[in-house]
Amino acid sequence: MKYLTLIFGVMIASVAFAQENKLEALPEIPTLNIDTQKQSSSNTQTAESQNTHTRNNNLTQTPKESQNASQPAQSQDALEPDQTPLSKADENNATKRSRDPFTPIITPKESGQIGNAPQLDLFTKTELILPSTARKIKKIIVEYQNLNGSITSIEQNLEGDIDWHFPLILSQEVQPKSPEVLDLQGFALGGLFDFEITKNTISLTSSLRLLRDFTLASPTRLVLDFKAPDKTQLQETFETQIPSIPKVSLSTHLDFYRITLNLDGQYKYTLKQKDGGVFQIELY
């Protein structure tokens, strides 16, 4: 009986202690209600707005500003040790626009010359084969283009028998005017030397004594030196019409006169002195 009374008293004491020391409940942790679909839509609108703003800025910027904006800015401190800041002249050269490839380097105002001269396709000759039935030539017609691009024709009446076995030839050739050539030409120089020259011979008459004779190259020349009787200065040149000896000149050197005969090539020569002060020279 005492044992039951003790247990009952312990139970009553435990209940009373529990009521007096009742545990307080912890505060609830707040939770966030996130709408993922709404957030995704908001992020998409924000990105589109930023892209639109960037495109508008690019359109309003000049090409030079766009290029500068796309390149990261570098400060003077960011330069490497072996680099030096560019001067204003260097910056101008560095930022100068490249030359337009369609603009010529040389303009007529600057030089007055054309860099590449046009290549002319000159007409030289053409042959016309006639049929076997052709017997007489009557007319020739030439059609040509003018400076302004118009086309004009010119007619030339002809008359004569023709042989169809041979072609008719139309050609354009420049025929240089050949200088008059003489077989024999005579002249005098300085009043002291009389010449008669042909293609291969030179006959020189003079009362002066011949000192020496020799040849020079580039151009080929035959030189004759004569003793000068006084200090009279003589200087004279004569251009001949003999192709092998185109020019003969007289000059004064110290105490002698020099006769120089220009030759058209290299020759050997023989010189013979005859009576009366005649010197006969033969080229071979």
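Things worth noting here:
- Rolling a 1.4 Å probe over the protein heavy atoms gives region 160-251 an accessible area of 65 Å² per residue.
- When a 1.4 Å probe is rolled over the protein heavy atoms, the share of accessible surface on region 180-231 that falls to carbon and sulfur comes to 49 percent.
- Residues in region 240-249 carry Karplus couplings, in order, of 8, 10, 9, x, 6, 10, x, 8, 10, 10 Hz; the curve used is 6.51 cos²θ - 1.76 cosθ + 1.60 with θ = phi - 60°, and Gly or Pro positions show x.
- Region 233-284, accessible surface, carbon-and-sulfur percent (1.4 angstrom probe): 46
The values are calculated or read from the model by the stated rules, or taken from the named source; none is laboratory data. Model, not experiment: these values are computed from the prediction. For the accessible areas, the whole protein counts, side chains as well, though only heavy atoms, and no ligand, DNA or RNA atoms are used. Shrake-Rupley method; radii C 1.70, N 1.55, O 1.52, S 1.80 Å.
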